[in-house]
Amino acid sequence: MHEMMVAENLLAVISDEAAKRKIKPIGAKISCGKLYVINDEALCFAFEAISEGTCCEGLKLEIEHKPIQARCKKCDETFNVDFSNPNCPKCESSDFELLPDEPLLLEEIEFQED
Ligand SMILES: [Zn+2]
């Protein structure tokens, strides 16, 4: 299961940070592109399962799906693609290239304050 691998990576990175700071992490924000196929629920479930008994137990995962971006070949504008109207918002051209999808990123870890 793909989500399990992602969850394991996240747990490793977050645990590492927590150990460095000696504080308990209580939340984490991750983001990924829309084309990145990940099931939020499956990821949270996997994370919950493997973090049991670790410092990350009970940590809340927040997943943000970023829109797909494109670059207009005519005017060089970069924009978020709206698939119901996929034209450049600046010059209305439909001649554009899709930019690579954003990878999965760990944006932020929230730590418990004392
Ligand atoms: Zn344009």
Do you know which residues across the range 77-114 are assigned to a strand (DSSP E or B), more than 16 Å from L35 (Cα to Cα) and either away from the ligand (no atom under 12 Å from the Cβ) or open to solvent by 80 Å² or more (accessible area, probe 1.4 Å) (or both)?
L106, E107, E108, I109, E110, F111
Would you mind stating whether E8 is touching a helix residue (DSSP H, G or I) at 6+ places or on another chain (Cβ under 9 Å), under 24 Å from E113 (Cα atoms) and surrounded by fewer than 16 Cβ atoms within 10 Å (Cβ to Cβ)?
no
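From the residues in the range 56-76 that are among the aliphatic types (A, V, I, L, M) and within 16 Å of P100 (Cα to Cα), which one is nearest to the ligand (Cβ to nearest atom)?
A70
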Whichever residue in the range 30-49 is among the hydrophobic types (A, V, I, L, M, F, W, C) and crowded, with 17+ Cβ neighbours inside 10 Å and, among such residues, is farthest from L10 (Cα to Cα):
C32
Among the numbered criteria (1) without any contact (Cβ under 8 Å) to a residue 24 or more places away in the chain; (2) open to solvent by less than 30 Å² (accessible area, probe 1.4 Å), which one does K20 miss?
(2)
Restricting attention to the range 45-59, which residues are within 22 Å of K22 (Cα to Cα) and either in contact (Cβ under 8 Å) with a residue 40 or more places away in the chain or aliphatic (A, V, I, L, M) (or both)?
F47, I50, S51, T54, C55, C56, L59
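Taking the range 53-76 as the search range and keeping residues that are in a loop (DSSP other than H, G, I, E, B) and farther than 14 Å from L11 by Cα, which one is least open to solvent (accessible area, probe 1.4 Å)? Before the answer, list the steps.
Of the residues in the range 53-76, the ones in a loop (DSSP other than H, G, I, E, B) are 53-59, 67-68, 73-76.
Next, only the ones that are farther than 14 Å from L11 by Cα stay: 67-68, 73-76.
Working: P67: 55, I68: 16, K73: 125, K74: 157, C75: 47, D76: 105 Å².
Among them, the one singled out is I68.
The values are calculated or read from the model by the stated rules, or taken from the named source; none is laboratory data. Keep in mind that what you see is a predicted model, and the values were worked out from it rather than measured. Glycine gets a Cβ as well: all are built from the backbone with ideal geometry, and neighbour counts include every protein chain shown. Side chains are part of the model used for accessible areas, which takes the heavy atoms of the whole protein and leaves out ligands, DNA and RNA. Shrake-Rupley method; radii C 1.70, N 1.55, O 1.52, S 1.80 Å.
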